[in-house]
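The values are calculated or read from the model by the stated rules, or taken from the named source; none is laboratory data. Everything quoted here is computed from the prediction, not taken from an experiment. Every residue, glycine among them, receives a Cβ derived from its backbone with ideal geometry; neighbour counts consider all protein chains shown. Accessible surface is based on the protein model in full, side chains and every heavy atom, while ligands, DNA and RNA are left aside. Shrake-Rupley method; radii C 1.70, N 1.55, O 1.52, S 1.80 Å.
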Amino acid sequence: MNPILWEPSKAFRDASRLTHFARWLESRTEPAARTKVGEFLARAAGSDYASLWRWSVEHLEDFWQAIWDYFEVQASSPYSAILSSRAMPGAEWFPGAQLNFAEHVFRQRTAARPALMFRSETAPLTSISWDELYDQTSRCAAGLRAAGVGVGDRVAGYLPNIPQAVVAFLACASLGAVWSSCSPDMGAVSVLDRLQQIAPKVLFHVDGYVYKGKRFDRRDVVAELEAKLPGLEHSVQVPYLEPSTRQRSWEDFLRPAQALDFVQAPFAHPLWILYSSGTTGLPKPIVHSAGGILLEMLKCLGLQMNLGPESRLFWFTTTGWMMWNFLVSGLLVGATPILYDGSPATPDMGVLWRLADEAGITCFGTSAAYLGALQSADYRPREHHRLDSIVSLGSTGSPLAPEGFDWVYENVKSDLWLVSLSGGTDVCTAFVGGSPWLTVRRGEIQCRSLGCNVLAFDEAGQPLLDEVGELVVADPMPSMPVGFWNDPQDCRYREAYFDVFPGVWRHGDWIKITPDGGVFVYGRSDSTVNRHGVRIGTSEIYRAVESVPGVADSLVIDLEVLGKKSYMPLFVVLAEGVELDDDLKRQIEASIRSRLSARQIPDEIVAVAEIPRTLNGKKMEVPIKKILLGTPAAKAVSTGSMANPESLRFFIDFAVSRRS
């Protein structure tokens with residue numbers, strides 16, 4: 001077993017919301033409920049997490065009804081069942097229930113604490129009260145209603161992590177409209193690939209943004225979006241770099257405040273659309289339901305992360321990453337989200353830790369990549385900052401290596417609950433993460449999340465214990481997508497998650513579950529790129545690279561491995577007579593930066609004669625990834641299925657040179 005780095009005190013466990021929930025469960029007097037709960041909850045009430053998790057997945061319907069009851073979810077009409085069936089895809093949660101996500105947010109409205117806090121590279125820390133948030137949301141909702149936005153209409157944001165983005169989302173949710181956002185560091189092509197699919201009626205945008213002290217003007221990108229988004233009726237500028245000179249600005253769009261009318265919609269009604277791209281085609285527009293996200297966030301943030309009204313929740317994120325949605329959802333449990341827009345290294349590596357002290361952050365959320373950057377810079381927060389408010393530190397985006405655990409306890413705080421968690425945009429939550437009852441062991445994720453029947457499968461679909469296998473979810477979760485936008489018969493949805501193990505969600509990560517319930521995640525088992533905590537499909541990179549004159553073909557491989565520095569090489573096939581010189585490399589990098597973002601720029605660009613392909617012409621990403629990670633070629637690929645088996649030799653030699 002890995003050494004223990006931190007252990008919760010009895011007082012910490014007893015005061016946790018999870019303990020209150022477990023004791024509430026045990027005390028329920030309904031005979032049917034007590035019969036089903038039985039021995040599991042008797043042990044769980046004594047802080048036995050394994051028993052509580054087992055009950056939560058073996059009695060799935062009882063568990064999610066308990067979440068509904070414990071957090072006092074309000075519905076204007078009752079549900080007729082908890083779960084229609086456990087079949088995946090197709091499971092229907094709480095049919096008949098009608099509710100509104102934003103209404104549950106504003107149940108937390110109080111004058112006792114701020115709703116939001118915000119800081120950027122150029123703006124000092126400010127607080128937004130609950131009354132101010134309600135007022136702004138009601139004014140924005142009135143503006144949307146006047147613009148003809150109703151139930152099911154899409155509203156998009158091309159916005160930084162600023163309060164107006166939260167206001168626009170909540171206004172959208174109050175009306176039963178569907179929200180979707182992209183970060184302004186994304187180029188026009190990347191944004192259009194996403195938003196053209198959903199045809200938003202309204203676009204909120206900024207004129208630009210600031211990063212590392214530099215101003216980036218995005219007015220040309222916005223003009224292209226306005227010209228090419230189908231069905232766009234209103235484009236609203238949120239002034240950021242300069243006062244707005246547009247005909248339709250944020251203040252012009254807002255209407256006089258009025259009481260919010262929370263439109264009631266079915267549990268499965270779309271709340272927002274997130275995006276995850278694969279090896280081919282456009283990014284997948286993932287539709288999450290208002291009810292599913294509501295329940296999952298109450299459970300994850302309230303119980304797993306132990307957040308409540310006294311919490312100040314920070315996560316370093318942009319609006320283009322699911323962690324923004326996760327951060328904003330902290331409002332549901334009464335936590336105060338801390339928004340930050342800018343670079344985590346400007347003017348120096350201490351900027352976010354100064355924010356922690358200034359804002360009184362209790363949960364400091366970031367990525368493993370950021371913690372690695374601190375290590376590389378030899379920046380030790382405990383030597384420069386108080387950090388006395390921080391209770392927990394969350395790390396996600398990519399696996400946190402054992403050395404990363406050591407670094408946190410040596411250089412941040414010794415008395416700190418380190419929550420390494422792993423999930424995905426696909427479910428907008430963590431499959432595996434933290435529990436306030438459990439110890440933190442070096443390099444190990446504490447547990448599987450309640451209500452998530454996470455298993456490791458071998459290639460034959462058999463469960464593994466203490467061995468590395470495919471991360472699968474054997475039973476439905478409320479926050480699984482209700483589908484992809486404009487995906488008749490759920491064809492793309494089924495292909496994305498259920499084509500390998502029918503009826504079982506395959507996520508695309510390597511995972512190992514220990515006999516004690518701890519978890520190790522080893523990175524992607526497929527070819528998806530996980531760059532600096534943001535996942536993106538290779539198809540988007542190929543479109544950017546192969547648009548450069550002189551590049552005939554390409555292959556990108558993300559070698560994300562636990563315990564090792566991330567390395568992403570790009571292999572390019574050049575047109576006849578073209579050489580891979582510094583100028584061409586700069587053109588390739590510029591295309592990636594403008595179409596996607598700087599985080600997708602490869603660590604190395606290498607010229608090759610040809611890209612390995614299958615007989616039907618598909619790029620062989622996963623086999624090449626296996627070879628570069630050290631798998632013998634004979635085990636990684638069947639040359640009989642290749643159109644050009646001789647192309648393997650370069651990659652075999654390249655792998656050997658990398659290891660030497």
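Against the numbered list (1) outside any helix (DSSP H, G or I); (2) under 20 Å from residue 117 (Cβ atoms); (3) of a type in the set (A, V, I, L, M), residue 155 comes up short only at (2). Inspection of the range 617-633 finds a residue satisfying the criterion of being in a loop (DSSP other than H, G, I, E, B) and over 24 Å from residue 509 (Cα atoms).
Going by the structure shown, is residue 64 surrounded by 16 or more Cβ atoms within 10 Å (Cβ to Cβ), more than 30 Å from residue 288 (Cα to Cα) and at pLDDT 95 or above?
no
Exactly one residue out of 243, 285, 266, 309 is surrounded by fewer than 22 Cβ atoms within 10 Å (Cβ to Cβ) and under 20 Å from residue 427 (Cα atoms): that is 266. Among the residues making up the range 361-415, those that are closer than 19 Å to residue 521 by Cβ and assigned to a loop (DSSP other than H, G, I, E, B) are 397, 398, 399, 400, 401.
All told, residue 639 falls short of being more than 30 Å from residue 182 (Cα to Cα), under 31 Å from the mean Cα position of the chain (by Cα) and without any contact (Cβ under 8 Å) to a residue 24 or more places away in the chain. Candidates are the residues of the range 580-608 that are part of a helix (DSSP H, G or I), open to solvent by 70 Å² or more (accessible area, probe 1.4 Å) and at pLDDT 95 or above; the one that is nearest to residue 283 (Cα to Cα) is 587.
If you check 127, 138 for being outside any loop (DSSP other than H, G, I, E, B), more than 26 Å from the chain's Cα centre (by Cα), among the hydroxyl-bearing types (Ser, Thr, Tyr) and at pLDDT 95 or above, only one passes: 138.
Restricting attention to the range 551-564 and to residues that are modelled with pLDDT of 85 or more and surrounded by 17 or more Cβ atoms within 10 Å (Cβ to Cβ), the residue that is farthest from residue 511 (Cα to Cα) turns out to be 551.
What residue, among those in the range 462-476 that are in contact with a strand residue (DSSP E or B) (Cβ under 8 Å, 6 or more places away or on another chain) and assigned to a loop (DSSP other than H, G, I, E, B), is least open to solvent (accessible area, probe 1.4 Å)? Checking each candidate, the answer is 476.
To keep it simple, each residue is scored yes or no on (1) crowded, with 21+ Cβ neighbours inside 10 Å; (2) out of contact with any strand residue (DSSP E or B) (no Cβ under 7 Å at 6 or more places or on another chain); (3) outside any loop (DSSP other than H, G, I, E, B).
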site: 85; (1), (2), (3): no, yes, no
site: 89; (1), (2), (3): no, yes, no
site: 95; (1), (2), (3): no, yes, no
site: 111; (1), (2), (3): no, yes, no
site: 117; (1), (2), (3): yes, no, yes
site: 145; (1), (2), (3): no, yes, yes
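From the list 431, 501, 457, 484, the one residue that fits, being modelled with pLDDT of 95 or more and more than 21 Å from residue 521 (Cα to Cα), is 484. Applying the set (1) touching a helix residue (DSSP H, G or I) at 6+ places or on another chain (Cβ under 8 Å); (2) farther than 30 Å from residue 106 by Cα; (3) not hydroxyl-bearing (Ser, Thr, Tyr) to residue 378 leaves exactly one unmet item: (1).
When 436, 399 are checked against the criterion of being in contact with a helix residue (DSSP H, G or I) (Cβ under 9 Å, 6 or more places away or on another chain), open to solvent by 10 Å² or more (accessible area, probe 1.4 Å) and closer than 23 Å to residue 49 by Cβ, a single residue qualifies: 399.
Of all residues in the range 416-429, those satisfying the criterion of being in a loop (DSSP other than H, G, I, E, B) and under 14 Å from residue 508 (Cβ atoms) are 425, 426, 427.
Of all residues in the range 441-452, those that are open to solvent by less than 10 Å² (accessible area, probe 1.4 Å) and out of contact with any Pro (no Cβ under 9 Å at 6 or more places or on another chain) total 4.
Going through the range 67-76 one residue at a time, which ones are outside any loop (DSSP other than H, G, I, E, B) and open to solvent by 30 Å² or more (accessible area, probe 1.4 Å)?
Passing the criteria: 69, 70.
Criterion applied to 151, 166 was being of a type in the set (A, V, I, L, M), crowded, with 24+ Cβ neighbours inside 10 Å and at pLDDT 95 or above, and the one residue passing it is 166.
Determine if the range 509-516 includes at least one residue that is modelled with pLDDT under 90, surrounded by 18 or more Cβ atoms within 10 Å (Cβ to Cβ) and either charged (D, E, K, R) or assigned to a helix (DSSP H, G or I) (or both). Yes, that holds for at least one residue. Considered as a group, the residues in the range 270-319 that are in a loop (DSSP other than H, G, I, E, B) and among the hydroxyl-bearing types (Ser, Thr, Tyr) include one that is modelled with the highest pLDDT, and that residue is 311. Looking only at residues of the range 352-363 that are open to solvent by less than 10 Å² (accessible area, probe 1.4 Å) and without any contact (Cβ under 8 Å) to a residue 60 or more places away in the chain, we find that the one that is farthest from residue 126 (Cα to Cα) is 363. Apart from one condition, residue 35 fits all of (1) of a type in the set (Val, Ile, Thr); (2) at pLDDT 95 or above; (3) within 28 Å of residue 454 (Cα to Cα); (4) part of a helix (DSSP H, G or I); the exception is (2). Scanning for something more than 30 Å from residue 513 (Cα to Cα) and either touching a strand residue (DSSP E or B) at 6+ places or on another chain (Cβ under 9 Å) or at pLDDT 95 or above (or both), does the range 12-23 turn up at least one residue? Within the range 12-23 (the criterion being more than 30 Å from residue 513 (Cα to Cα) and either touching a strand residue (DSSP E or B) at 6+ places or on another chain (Cβ under 9 Å) or at pLDDT 95 or above (or both)), the answer is no, since none of the residues qualifies.
Among the residues making up the range 634-649, a single one is surrounded by 16 or more Cβ atoms within 10 Å (Cβ to Cβ) and either modelled with pLDDT under 75 or part of a loop (DSSP other than H, G, I, E, B) (or both): 637. Residues in the range 320-353 that are in a loop (DSSP other than H, G, I, E, B) and either over 18 Å from the mean Cα position of the chain (by Cα) or at pLDDT 95 or above (or both): 11 in all. Residue 567 meets each of the listed conditions (1) open to solvent by less than 10 Å² (accessible area, probe 1.4 Å); (2) modelled with pLDDT under 95 apart from (1). Scanning the range 430-455 for residues that are in a strand (DSSP E or B) and among the small types (Gly, Ala, Ser) yields 430, 433.
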